[in-house]
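Okay, structure first, notes after.
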Amino acid sequence: MKPIYLDNNATTRVDPAVVEAMLPFFTEHFGNASSMHAFGSQVGRALKTARAQVQALIGAEHESEIIFTSCGTESDATAILSALKAQPERNTVIITAVEHPAILSLGEWLEKEGYIVHTLKVDKRGRIDLDEYKSMLHERVAVVSAMWANNETGTLFPVEEMAEIAAAKGIMFHTDAVQAVGKIPIDLKRTKIDMLSLSGHKLHAPKGIGALYLRRGCRFRPLLRGGHQERGRRAGTENSAAIVGLGKACELALEHLSTENTQVRGLRDQLEQGLLSQITHCFATGDTRHRLPNTSNIAFEYIEGEAILLLLNKLGIAASSGSACTSGSLEPSHVMRAMGIPYTAAHGTIRFSLSRWNTAEEIQHVISATPPIIEQLRKLSPYWSNNGPSESLGTGFSPTYA
Amino acid sequence: MWEYSDKVREHFYNPRNSGPLDAANGIGDVGSIQCGDALRLMLKVDPQSEVILDAHFQTFGCGSAIASSSALTEIIKGMTLDEALNVSNQDIADYLDGLPPEKMHCSVMGREALQAAVANYRGEEWSDDHEEGALICKCFAIDAVMIEEVIRANNLTTVQDVTFYTKAGGGCAACHEGIEDILAKVLTEHASDGEAPPPRPAGNTAEAPAPAAKMTLVQKIHKIEEVLESVRPMLQRDHGDVALADVQGKKIYVHLTGACAGCMMEAATLGGIQQKMIEALGELVQVLPASHMPVDV
Ligand SMILES: Cc1ncc(COP(=O)(O)O)c(C=O)c1O
C-alpha cells in the first residue's frame, strides 16, 4: 500500500502543475524583475499575473493590496509590528489563546519589550465569547489578531464579525488565515479585515513563500527595508519562481474550492465517524460544526499521541499529534489546554488533515487500521484495564487535571 | 520525527514484559500525566535472596517511554534489589543505544519507578523529589529547574557561568536567550530580597578567595587530585575522564579523554574544573589541556 498522507495542515504536496509553472523561472526566466531589459520584464509580468491570482482567491479589491513575503510567519510578524510602529500612541495587542506560535511567541516577546498583550480565552469547544471580545477593545489597542482557522482543530473564528466590531472602534484587524486560504471561500473586499496572512505550503505551493494582504489605506511600516520591491513594503529581490508557484496554486485552489467542501469534507466526515463509532473513549475536539472541511482532531483517551503516530507511521499512515512528546516540550498542545481538555486526553490527540488527493480507499484503510493500534497501546497503559479506564490504581496514578 | 535508534524502535514495537504481574510484591507508580508520562513497575522479588525473579511494566507515554520501560525490566531481571538500584539513567539509555536529549526524562522515569517499587517492597515510603522543568539546552538535555537551582546555589550571574556549572548553553548556543531569562528572573528575586549578589564582571576568571596559608607542592598536588576525583564521576557519566598531567607554577595540565576530549565542551569543562581548583587552592590557577604543555621543559 502506498503511504497515506493525512497531515496536510502541516504542509502539502506541491501540485505538479505548480512545479511545471515554476520550472522556467529557474532556467530561462532567471531575470531580476527590477532590471530594465527583457530578462527582467518577463519576470515582472509573471509576478503581476501571480499577484492577480492571489488577489482572486482571497477577493481583494486591488492587486496592489498583495505583498509577497517569505512565509506565513513573516506575514504575521509584519502585520503586528507594522500596526504597532505605525500607531505609536497605541500599545496594546489583542490575540487569542489558540493562535499559532508565529503569533503567540511574538506576543510573548512584545510583552518583554513593554507592550501589553491581551489574550482572548476559548471555551471547551474552542470558541471565543464575542461579548468578552468587545469588552477588551479600547483606544489604546493597536491591532486585533485572530486566526481564521485553527491549525490543530480546524475551528473557524467569526473573523468577519470580529473585524466589523474592531472597525467600528477604529481598531486595525489582522487575521492569520494560513490554514483557511484555499479551503473556505474568502472575499476580503466585503469584509472589514485590514490585514491577512497566508502561506504557500499549506495550499500546494512550495514552502518559503507567503503573502500579506494589506487593505488599501491601512497604515503600514515595513519589516524589511531596502530596495523598492513590493512597492517598498517588503525589500529583497523577489523569489520569482516561488511567487509564480503561489499564484498558480491560488488559481488551482479557487478551481477546487468546491471539491474541498464536498469531496474532502465527505471523506473527513467518513473518517471521523468511522473512528468514533469503532473506538470507545475518544472524541472529536474543537467546534466540529464550524471548522475547516479537511480537518479532524480526535482525542484518544488514556494513551499517548506520539506512540499512536509511530504505530500509524509503521503502517504508512502520516498524521500529527498535540502530545507533549512530539514537540519536545513537557506540556501538551496549548490549543488543547486552552480548551480545557484533560491531560489524559490531550496527550492522545491525533490530527488527521486531508487534501483533494486523498481517496476513499485510503480513508477506509485508516478506519480499519487505527482501532487495533489504539487497543494495543491501551493494553500497555496503566490507566486502562480490560475494556475500560482502570479504577483500582494506586494513588500515584490519580491524574492531575491542573 | 525523532531520531530513535533501532533498539528503541524494536523495544517500542515489541515491548518485553508488558502488562500486569499478578504475583508482584513490589509496585512502583511514578510519573506525571501533565508531561505525558506515567509508569507502573511491578516486581516479583524472592524474599530470601532479594533477587528480582520477574518484572513487568505498564506505561502511558511516548515511544521512548515505552521502550525505556521495556529495557528497564530486561536489565533488572535476575539482579538483586541492591544491584538493581545501581542501574542509572545512562545505563537504560545505553542499553537502548542512546536516546534523544529531549527524551532523557523517559529513562529518569524508569529509575524512579524502580526506586519506588523497591521502597514499596521494603515497606518504605518513597517520595518523588525530582522536579522537572522545561527543556532549555537541547544539546546537553538541561532543564530550567536544574539551571535555576544551580544559579541560586552558586550565585551565578552570567551565561558563561551557567555553562561552566551545568554545560547548558555550551553547544549550539540557541538557548542563551532562555538562560538569560532565567538569570534575570533569579537576579530580580535576589534584588527584591535585599541581598543582591555582588556584581561580577562577565567572562573573567573568578576573583581568588582570600589567600590561604601557603601550601607545599605536595599538598598542592594532593588538593589538585582531590578536585579531579570530585569531577570524574560527572565526566564518566558522559563516558569521559580526566587525569593530572603536570603542574607547572600556576598552570595545571590535565588529560581529558573520551567524550570530553576535543568536543566543543572541552573549554567549558576545563573552565568548570578551573573554578573548583581556584576555590580549593585559594589562588588563581589556570587549567589547560595537556596538549598545551610546552614541549621543551
Ligand atoms: C495558523 C498558522 N499560522 C502560521 C503558520 C506559519 O506559516 P509558515 O510555516 O509559512 O511560516 C502556520 C503553519 O505552520 C499555521 O498553521
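The values are calculated or read from the model by the stated rules, or taken from the named source; none is laboratory data. These numbers come from a predicted model, not from an experiment. Reconstructed Cβ throughout: ideal geometry from the backbone, glycine too, with neighbour counts over all protein chains shown. Accessible surface is based on the protein model in full, side chains and every heavy atom, while ligands, DNA and RNA are left aside. Shrake-Rupley method; radii C 1.70, N 1.55, O 1.52, S 1.80 Å.
Only residues that are over 18 Å from B:Q236 (Cβ atoms) and surrounded by fewer than 23 Cβ atoms within 10 Å (Cβ to Cβ) were counted across the stretch B:82-117, and they come to 10.
Report whether or not A:A167 is within 19 Å of A:D194 (Cα to Cα) and crowded, with 24+ Cβ neighbours inside 10 Å. Against the criterion (within 19 Å of A:D194 (Cα to Cα) and crowded, with 24+ Cβ neighbours inside 10 Å), A:A167 does not qualify. For the stretch B:9-40, residues that are more than 12 Å from chain A (Cβ to nearest Cβ) and in contact with a Pro (Cβ under 9 Å, 6 or more places away or on another chain) total 1.
Selection of the stretch A:28-66 for residues being within 16 Å of the ligand (Cβ to nearest atom) and either in a loop (DSSP other than H, G, I, E, B) or surrounded by fewer than 22 Cβ atoms within 10 Å (Cβ to Cβ) (or both) yields an empty set. Being open to solvent by less than 40 Å² (accessible area, probe 1.4 Å) and farther than 27 Å from A:T349 by Cα is true of B:V51. Take A:I279 and decide whether it is farther than 30 Å from A:A56 by Cα, in contact with a strand residue (DSSP E or B) (Cβ under 8 Å, 6 or more places away or on another chain) and open to solvent by less than 10 Å² (accessible area, probe 1.4 Å). Answer is no for this residue. Under the condition of being within 21 Å of the chain's Cα centre (by Cα) and more than 12 Å from B:I224 (Cβ to Cβ), which residue from the stretch B:266-284 is surrounded by the most Cβ atoms within 10 Å (Cβ to Cβ)? Top of the filtered list is B:T269. Within the stretch A:383-402, if we keep just the residues that are within 7 Å of another protein chain (Cβ to nearest Cβ) and more than 18 Å from B:L21 (Cα to Cα), the residue that is modelled with the lowest pLDDT turns out to be A:A402.
Pairs meeting the criteria (first residue in the stretch A:101-119 and free of Cβ contacts under 8 Å to residues at least 24 places away in the same chain, second residue of a type outside the set (A, V, I, L, M, F, W, C) and assigned to a helix (DSSP H, G or I), beta carbons under 9 Å, at least 6 apart or on different chains) are A:P101/A:T73; A:P101/A:H334; A:K112/B:D181. Taking the stretch A:82-103 as the range and being in a helix (DSSP H, G or I), open to solvent by 30 Å² or more (accessible area, probe 1.4 Å) and either within 14 Å of another protein chain (Cβ to nearest Cβ) or within 12 Å of the ligand (Cβ to nearest atom) (or both) as the test, only A:P101 passes. Every condition in (1) outside any loop (DSSP other than H, G, I, E, B); (2) modelled with pLDDT under 85; (3) of a type in the set (G, A, S) is met by B:A206 except one, and the failing one is (1). Per the conditions (1) within 16 Å of the ligand (Cβ to nearest atom); (2) open to solvent by less than 40 Å² (accessible area, probe 1.4 Å); (3) among the polar types (S, T, N, Q), the sole criterion not satisfied by A:T191 is (1). For the stretch A:67-81, what are the residues that are out of contact with any Leu (no Cβ under 7 Å at 6 or more places or on another chain) and either in a strand (DSSP E or B) or away from the ligand (no atom under 12 Å from the Cβ) (or both)? Result: A:F68, single match.
Test A:L380 against the stated conditions and say whether it is at pLDDT 90 or above, under 23 Å from B:N14 (Cα atoms) and buried (at least 20 other Cβ atoms within 10 Å of the Cβ). So A:L380 passes the test. When A:A180 is tested against the conditions (1) surrounded by fewer than 23 Cβ atoms within 10 Å (Cβ to Cβ); (2) within 24 Å of A:T49 (Cα to Cα), the lone failure is (1).
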